[in-house]
Amino acid sequence: MDTYADLVFLGGRVVTVDADFSVASALAVTGGLITAVGERSDVAPLVGPGTHVVDLRGATLLPGINDSHLHGCAFGMATPPLSLDVGHPAVSSLADVAEAVREAVGRAPHGQWITGHGWDTGYLAECLSDPSRLPSRSDLDAVSPDHPVVLYSFSGHATWVNTKAMELIGIDRNTVAPPAGAIVVDQAGEPTGLLHEGAQALVQNALPPLSRQERTDAIRSTLATLARLGVTSYTEPGLGPGGTGIMRGALGPETLDAYRRLLADGELTARVGVLLLPTGMASTADEFSRTLTALDESGDSGDADPRRLAIHGVKIFADGIVPNKTAWMHEPYVGGGCGSLCVGGETDTERIAEIDAMIRHAHAAGHQLGVHVTGDRAIDTVADAFAAAMAEHPRPDARHYVIHGDFLTAHSMKVLGAHGFGVNMNPTIKWTVADMEEEFVGAERAAYAWPYRDAIDAGVRVASGSDAPVTYPDWRQGIATMMLRESKAAGRVSGPEQRIGLAEAIRTYTIDAAWQDFADDWKGSLEPGKAADLCVLDGDLLTADPHDIPDMPVVLTVMDGQVVHDTLRD
């Protein structure tokens, strides 16, 4: 035989994720491509003197996992050693957070900024016992009077600072927050050190920007973590001028340059798709259009290997998030208010016109659109804007999608399905916040959030992502959550009617995520001719109890035919 396989896998459950979700027992890889899938007899002729034969011993071979919404540089920056871990289970109280900061201060040079990530009032004991109790600068001042402290919430939509940080930033009772943001104040009108949404820019703009080395180290850290998890592709959902003030510029244009350097140096061990971020929250349509036009005219779109690094489209922020009551809802939150769109404009009518104009401009310019939108009224608005843009400028296969889509309505799902649009959902966020959301939207709406079953039944293409660093990028927990709809805090079922099956859940992390990348013709399933991106899970995933899936070890990861993680032979 002229060409033998480089890799051959035998004796396992080869879950192809093809149209029939067929299961084989053997697979061969040659030159970075899958060359045979079937039984032992189908791959035996491909075994030669240099072929590496892997005995799976009953393990499950899957397509490489595609986390379709993951902030790669920000995730690296938000995890140790580059940042304090102040998330659950590392901390469970405000006192725990203060202790973590105290220890960091003891290690840091005088006056150095202390940063951390992951706090969540849903897991802080003092906030749980008294819902009116929120994190405050006073919780941090005693342990860090001279070091400025900045702690990002798990969602990225709130920031907690101490008094020293406020002094350096220039925040006092006379500070005016940006239109889409809020500086939380006490009864006397004094800032508490808690900032929401666009007000966080006041902090971000005061922090020293990431150095080139910090940015590169953060991405390398993320790539190493993802290799251990079997993730071979992910979407960086927003890099550009609009991200310059987010997490010291982790979402800024320089991060795209860092990815390009890693690709050139052969260090990019996962495929990365990018959405450009022309503007952040609270921008106007004019600002968005001018910036996007400038990006288009710069020609900043082509890369040396588009299967490794590619710009797929543009991201827009439409509203905020439910825990901050900034998602735009049809019905009021518990306690009142419906939120609003986060773009420029004084009234709902003006803001709808602004988001329509942004979507229309990006669509007409030929971009795929990924729009951050969580509230049901905002989702209806965005879905209708997609449809109107398509009607005005017909385009084949635009593949626009709503990001998060927490409260998809029957109307929005009908519109998205009819036009071939998608939704990018986040099951690990559902697992994390399902119980907490009840205090904001009530039990019924909280249970409905992230309606996988209804979306799939409506013909909407559904991809799943972690939104790391909002949650840890563990697709196994995501699979279990889609199947069980259980919450992290109490294991309580939340919206069982929205459960989906194992095959459907796997598709959201593989072939449907590849669809989002315009790449389902060459990755996302194990079929001859497709990219050899592979993930091996110890044990039989097809017969496993869903409760056990999060603990099934990833023992081998292959990207483009190259092994990037291997504990199978340990």
*Measure up Lys164/Lys315; Lys315/Lys530; Lys488/Lys530; Lys315/Lys523 against 32 Å on the Cα-Cα distance and list the ones that go over.*
Lys164/Lys315; Lys488/Lys530
*Could you state the angle between the C-alpha long axis of helix 348-364 and the longest principal axis of the C-alpha atoms of the chain, as a value from 0 to 90 degrees rounded to the nearest 10?*
30
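Give the Kirkwood hydrodynamic radius (Å, one decimal) of segment 457-570, defined as one over the mean of 1/r across all pairs of different Cα atoms. Before the final figure, lay out each step's value.
Numbers: mean 1/r = 0.0646 Å⁻¹.
Here the Kirkwood hydrodynamic radius works out to 15.5 Å.
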*Project the alpha carbons of segment 25-115 onto their principal axes and report the range along each, largest first, in whole Å.*
66, 25, 25
*According to the Kirkwood expression over distinct Cα-Cα pairs, how big is the hydrodynamic radius of segment 354-415, in Å?*
11.5
_Is there a quick way to get the dipole size of segment 493-545? I mean about its Cα centre, with the Cβ of Lys and Arg at +1 and of Asp and Glu at -1; what is the value in debye to the nearest 20?_
60
*Which percent, nearest 5, of DSSP beta bridges in the chain are antiparallel?*
45
*So for the chain, taking the charge dipole from beta-carbon charges (+1 Lys/Arg, -1 Asp/Glu), which of Val91, Trp119, Ala250 sits furthest toward the positive end?*
Ala250
*Residues with amide H under 5 Å of Thr567's amide H, sequence separation 5 or more or different chain, H placed in the peptide plane at 1.01 Å from N; which?*
Leu556
*What 222 nm value per residue comes from the helices of the chain, counting each DSSP H run with n ≥ 4 as -39,500 (n - 2.57) and dividing by all residues, nearest 500 deg cm²/dmol?*
-9000 deg cm²/dmol
*Taking the chain and dividing mean pair separation by its residue count, relative contact order in percent (alpha carbons under 8 Å, at least six apart)*: 16
*Stick to Cα atoms and the Kirkwood definition of Rh, then tell me Rg/Rh for segment 181-253.*
1.12
*asked:* Check which residues have an amide H placed less than 5 Å from Val314's amide H, if you skip close sequence neighbours.
replied: Leu276, Gln368, Leu369, Gly370
*Sketch the reach of a paramagnetic label on Ser22 as a point 7 Å from Cα along Cα-to-Cβ, and name the residues of segment 512-530 whose backbone nitrogen lies under 16 Å away.*
525-530
_What would the Debye equation give as log₁₀ I(q)/I(0) for segment 362-512 at q = 0.09, 0.15 Å⁻¹, counting only Cα atoms as equal point scatterers?_
-0.27, -0.72
*asked:* Going by amide H atoms built from the backbone, whose H comes under 5 Å of the H on Ala434, apart from near neighbours?
replied: Lys488
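Taking the Cα centre of the chain as origin, sum charge times position over the Cβ atoms of Lys and Arg (+1) and Asp and Glu (-1), and report the length of that vector in debye to the nearest 20.
Once rounded to the nearest 20, the dipole reads 500 debye.
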_I need the phi-derived Karplus couplings for segment 197-212: 6.51 cos²θ - 1.76 cosθ + 1.60, θ = phi - 60°, integer Hz, Gly and Pro marked x._
6, x, 5, 5, 4, 4, 6, 4, 6, 8, 6, x, x, 4, 7, 4
*With all distinct Cα pairs included, what does the Kirkwood hydrodynamic radius of segment 116-189 come out to in Å, to one decimal, could you say?*
13.4
*Helix 475-484: angle to the longest alpha-carbon principal axis of the chain, degrees 0 to 90, nearest 10?*
80
*D (Stokes-Einstein, µm²/s), Kirkwood Cα radius, segment 245-367, 0.692 mPa s at 37 °C*: 201
*asked:* Over 20 Å intervals from 0, what percent of Cα-Cα pairs in the chain sits in each interval?
replied: 22, 56, 22, 1, 0
*Using a cut-off of 14 Å between beta-carbons, work out the net charge of the residues near Ile65 (Lys and Arg +1, Asp and Glu -1, Ile65 not included).*
0
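If you roll a 1.4 Å probe over segment 404-451 with all protein chains in place, what percent of the accessible area is carbon or sulfur?
Heavy-atom surface of segment 404-451 belonging to carbon and sulfur, 1.4 Å probe: 61 percent.
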*Would you kindly derive the ³J(HN,Hα) couplings of segment 244-252 from the backbone phi angles with the Karplus curve 6.51 cos²θ - 1.76 cosθ + 1.60 (θ = phi - 60°), listing them in order in whole Hz, with x for Gly and Pro?*
4, x, 10, 6, 6, x, 4, 9, x
_In Å, descending, principal axis extents of the Cα set of segment 404-445_ = 34, 19, 10
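The values are calculated or read from the model by the stated rules, or taken from the named source; none is laboratory data. From a predicted model like this one, the values you see are computed outputs, not experimental measurements. Neighbour counts run over all protein chains shown; Cβ positions are idealised from the backbone, glycine included. Ligands, DNA and RNA are stripped out before the accessible areas are found, and what is left, the full protein with its side chains, is counted by its heavy atoms. Shrake-Rupley method; radii C 1.70, N 1.55, O 1.52, S 1.80 Å.
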